[in-house]
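Working notes, structure below.
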Amino acid sequence: MKTIEEQLVTALTAHDLKIATAESCTGGLISEMITRVPGSSAVIECGVCSYSNDIKMKLLNVKQSTIDEFTEVSEQCAKEMAEGVRLLAQADIGISTTGYAGPTGGTKENPVGTVFIGISTKDNVFAYKTNFLDEGCKDRIEVRIQCANSCLRKVLTVISQQ
């Protein structure tokens, strides 16, 4: 059985699509997962590890007003990150993650474990919110791994709908 990253590279290749990543809480894990697959260089354009708000704004065109109004851990920010990296790389799909992997951080509305995944295509930009601690993850490492896997599954769903 193929891994999720092998399935993604196969699907991207079959549909002649390019992908780019903008990762905050996953810190480059998604790019690493994709690039461990032989042949991935044909489908991945770039990966941006955008922990700082300055990088989110300078490289990914996240608006200061988005961060001020909604924070960097929000649906709005995830969408702008995904769109920004897609446009930066001139890719077909941009994906992003922003959240509180823990053990610190979080707010009442978005406690530790909360992650927003953004996906941008030429036709749509959307985001998903999940609290991975509520989904059974026990620590920061598990949150990051499950978030990365979830992101790849969501992209596979998007590709299958095209």
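The values are calculated or read from the model by the stated rules, or taken from the named source; none is laboratory data. Remember, predicted model here, so these are calculated numbers, not experimental data. Virtual Cβ from ideal backbone geometry, glycine too; neighbours counted across all protein chains shown. Note: accessible area is taken over every heavy atom of the protein model, side chains too, but ligands, DNA and RNA are not part of it. Shrake-Rupley method; radii C 1.70, N 1.55, O 1.52, S 1.80 Å.
Scan the stretch 29-55 for residues that are under 16 Å from residue 8 (Cβ atoms) and either in a loop (DSSP other than H, G, I, E, B) or among the small types (Gly, Ala, Ser) (or both) and the total you get is 10. For the stretch 1-23, filtered to residues that are open to solvent by 10 Å² or more (accessible area, probe 1.4 Å) and among the small types (Gly, Ala, Ser), the residue that is nearest to the chain's Cα centre (by Cα) is 11. Residues in the stretch 100-117 that are assigned to a loop (DSSP other than H, G, I, E, B) and of a type in the set (Val, Ile, Thr): 104, 107, 112. Residues of the stretch 24-43 that are touching a residue at least 24 places away in the same chain (Cβ under 8 Å) and open to solvent by 60 Å² or more (accessible area, probe 1.4 Å): 36 alone. Among the residues of the stretch 12-24, at least one is under 21 Å from residue 140 (Cβ atoms) and in a loop (DSSP other than H, G, I, E, B). Of the residues making up the stretch 56-70, those that are touching an Asp or Glu at 6+ places or on another chain (Cβ under 9 Å), on the phi < 0 side of the Ramachandran plot and either surrounded by fewer than 22 Cβ atoms within 10 Å (Cβ to Cβ) or not in a loop (DSSP other than H, G, I, E, B) (or both) number 4.
In the stretch 72-98, the residue that is farthest from residue 23 (Cα to Cα) out of those that are touching a helix residue (DSSP H, G or I) at 6+ places or on another chain (Cβ under 7 Å) and not in a helix (DSSP H, G or I) is 93. Screening the stretch 78-111 for residues that are of a type in the set (Val, Ile, Thr), surrounded by 24 or more Cβ atoms within 10 Å (Cβ to Cβ) and within 13 Å of residue 131 (Cα to Cα) and picking the one that is nearest to the chain's Cα centre (by Cα) gives 97. Summed over the stretch 115-162, the residues that are open to solvent by 30 Å² or more (accessible area, probe 1.4 Å), of a type in the set (A, V, I, L, M) and in contact (Cβ under 8 Å) with a residue 40 or more places away in the chain give a count of 3.
What tally of residues in the stretch 1-39 results from selecting those that are among the hydroxyl-bearing types (Ser, Thr, Tyr) and under 27 Å from residue 55 (Cα atoms)? Counting residues in the stretch 1-39 that are among the hydroxyl-bearing types (Ser, Thr, Tyr) and under 27 Å from residue 55 (Cα atoms) gives 5. Quick one: would you say residue 73 is under 23 Å from residue 11 (Cβ atoms), open to solvent by less than 10 Å² (accessible area, probe 1.4 Å) and among the β-branched types (Val, Ile, Thr)? Spelling it out, it is not the case that residue 73 is under 23 Å from residue 11 (Cβ atoms), open to solvent by less than 10 Å² (accessible area, probe 1.4 Å) and among the β-branched types (Val, Ile, Thr).
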